[in-house]
Amino acid sequence: MEYIRRVIDEDIDRRSQAFGAINIVGPKGCGKTRTAKERSKTVIEFQDEEKREGYLSIAQTAPHLFLKKEKPILFDEWQDAPKIWGTVRKACDDDPDSVGDYYLTGSTSREVDTPHTGTGRISKLELLPMTLFETGESNGTISLSKVLSDDNYDIDGKSCSLTLEQLFYAACRGGWPRCLSLRSDSAKLEIARDYFRQIWKKDISAIDGVKRNPELARTILWSYARNMATTAKKSSIYADIKSEFDVSDPTIASYVEALENLFVLRDIDAWTPQIRSKTAIRAAKKHIFLDPSIGTAALGLTPDYFNSDLDTFGHVFENMVLRDLIVYAQPCDAKVLHYSDDAGTEADAVFQMPDGRYALIEIKTGTNAIPPAEKNLLKFSELIQSHNTKALEDPVHPGVCYRKPTRLIIICANAEMAYTTENGVKVIPVGCLRN
């Protein structure tokens with residue numbers, strides 16, 4: 001199968017010019033090995049059964065012998081031979097002028113302690129499941145980075161043919177590269193379901209060797225799936241779990257931490273604009289799956305289910321867009337956050353660039369939700385403007401002014417065409433979006 005270039009490839013290319021080695025991490029099945037193979041001339045696969053014993057013997061007794069092979073060298077499943085880490089690190093130290101010589105990939109289902117971190121020698125980056133642009137659902141005619149950086153970038157009139165039914169399917173199938181080589185649509189859906197089963201039956205214990213209750217792990221995933229893309233309090237999620245199991249908060253927290261280390265769950269932090277106001281900023285984290293298909297599998301949902309439950313799909317869709325935004329943020333070193341306060345002001349996502357530029361983003365399923373979403377974004381922008389006006393009332397001792405949002409954006413599931421409203425809000429069909 002022909003390699004599909006990933007969004008992260010740009011980041012890998014840049015780092016490979018600065019570091020001797022690249023360690024690619026991420027959930028199982030997201031394409032780490034294939035991505036590294038594309039830029040490697042020698043591949044050492046420690047799980048190749050025909051060569052495994054020989055490789056492990058060399059790795060244990062004389063790992064430096066591997067370094068004599070043609071570079072760049074990929075060490076796949078390097079955790080099976082932990083000495084490789086130190087060997088690669090020393091090679092980078094010994095030849096600091098040489099860059100992009102080594103790639104390390106491996107399963108997330110097992111952690112390995114290394115005597116040295118590799119800081120400054122081995123650069124670690126994260127590969128996530130494929131975005132809608134990478135899987136081909138989005139035609140990629142609108143660049144999010146250009147929307148933020150170019151005032152003259154014209155999105156108006158860009159269109160797509162992506163339907164809600166196709167998005168239902170994409171959410172349940174997920175962004176797993178294995179799916180792209182399968183012909184049957186029903187077979188593609190089995191990939192996420194199988195990953196889900198392996199996570200709660202096997203990986204939850206294999207990651208650190210701590211024996212955990214598989215049924216408890218499955219219930220935790222189910223509870224998080226019920227609260228997908230929400231800021232539900234952990235006490236509420238834990239109450240769900242405790243209704244089924246007699247278990248303590250620290251025990252649940254240890255399971256959640258393991259699922260985060262497996263790149264299954266992630267919390268999105270709250271954004272703080274530092275507006276001095278009596279209105280309380282809600283610092284609650286937003287809970288997502290790094291691929292929504294694991295959440296839909298936990299709930300036992302099929303694409304057809306969403307035909308009669310668009311409300312649930314709204315949460316799944318938001319999770320899917322947040323996954324894509326996290327991927328799109330990587331090449332430009334941006335952050336994806338969210339915002340809400342007790343006055344009802346909110347943003348489903350805040351896409352913040354390293355230089356301070358940021359976009360306030362609302363994520364909506366239907367076009368009927370665009371007008372209220374626009375109103376909400378404008379309210380947010382006006383709040384910042386109002387603060388700045390008050391801050392400048394005293395010219396002798398002016399207060400602190402805060403940066404206005406660079407863009408106000410609505411990402412919509414079933415909008416057929418991109419446009420800019422009279423108030424300057426960018427409405428972008430998800431079927432047009434790329435990094």
**Request:** Please work out which one of (1) open to solvent by less than 50 Å² (accessible area, probe 1.4 Å); (2) at pLDDT 95 or above is the condition Gly300 fails and give its number.
**Result:** (1)
**Message:** Within segment 329-430, considering only strands (runs of 3 or more DSSP E) that don't extend past its boundaries, which have at least 1 residues that are touching a helix residue (DSSP H, G or I) at 6+ places or on another chain (Cβ under 7 Å), touching a residue at least 12 places away in the same chain (Cβ under 8 Å) and acidic (Asp, Glu)?
**Reply:** 346-352, 358-364
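Based on what the data block shows, is Leu360 under 26 Å from Gly157 (Cβ atoms) and in contact with a strand residue (DSSP E or B) (Cβ under 6 Å, 6 or more places away or on another chain)?
Numbers: under 26 Å from Gly157 (Cβ atoms): yes; in contact with a strand residue (DSSP E or B) (Cβ under 6 Å, 6 or more places away or on another chain): yes.
Yes.
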**Complete:** Matching residues in segment 19-41 (in a loop (DSSP other than H, G, I, E, B) and either farther than 19 Å from Thr87 by Cα or touching a Lys or Arg at 6+ places or on another chain (Cβ under 7 Å) (or both)) number 11
**Item:** Checking Glu77 against (1) under 28 Å from Arg178 (Cβ atoms); (2) of a type in the set (Asp, Glu); (3) surrounded by fewer than 19 Cβ atoms within 10 Å (Cβ to Cβ), the condition it does not meet
**Value:** (3)
**Message:** I'm told Glu260 meets every condition in (1) free of Cβ contacts under 8 Å to residues at least 40 places away in the same chain; (2) surrounded by 16 or more Cβ atoms within 10 Å (Cβ to Cβ); (3) within 22 Å of Leu337 (Cα to Cα); (4) not small (Gly, Ala, Ser) except one. Can you identify the failing condition by its number?
**Reply:** (2)
**Prompt:** For segment 42-55, does any single residue satisfy the condition of being open to solvent by less than 30 Å² (accessible area, probe 1.4 Å), among the small types (Gly, Ala, Ser) and not in a strand (DSSP E or B)?
**Reply:** no
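For every residue, the table says whether it meets (1) modelled with pLDDT of 95 or more; (2) under 19 Å from Phe46 (Cβ atoms).
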position: Gly86; (1), (2): no, yes
position: Asp93; (1), (2): no, no
position: Val99; (1), (2): yes, no
position: Ser109; (1), (2): no, yes
position: Ser143; (1), (2): yes, no
position: Gly157; (1), (2): yes, no
position: Thr163; (1), (2): yes, no
position: Leu167; (1), (2): yes, no
position: Arg173; (1), (2): yes, no
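State all residues of segment 90-99 that are in a helix (DSSP H, G or I) and over 11 Å from Phe19 (Cβ atoms); if no residue qualifies, say none.
We begin by selecting, within segment 90-99, every residue in a helix (DSSP H, G or I); these are 90-94.
Of everything in segment 90-99, those that are in a helix (DSSP H, G or I) and over 11 Å from Phe19 (Cβ atoms) turn out to be Lys90, Ala91, Asp93, Asp94.
Does at least one position in segment 420-434 carry a residue that is within 21 Å of the chain's Cα centre (by Cα), open to solvent by less than 70 Å² (accessible area, probe 1.4 Å) and not hydrophobic (A, V, I, L, M, F, W, C)? Spell out the reasoning first.
Step one: list which residues in segment 420-434 are within 21 Å of the chain's Cα centre (by Cα), which gives 428-434.
If we keep only those that are open to solvent by less than 70 Å² (accessible area, probe 1.4 Å) as well, we get 428-433.
Narrowing further to those that are not hydrophobic (A, V, I, L, M, F, W, C): 429, 431.
Yes, that holds for at least one residue.
The values are calculated or read from the model by the stated rules, or taken from the named source; none is laboratory data. Bear in mind that the values here come from a model prediction, so they are computed numbers and not experimental data. Note: ideal-geometry Cβ built from the backbone for every residue, glycine included; neighbour counts use all protein chains shown. Areas reflect the complete protein model, heavy atoms only, side chains present, ligands, DNA and RNA absent. Shrake-Rupley method; radii C 1.70, N 1.55, O 1.52, S 1.80 Å.
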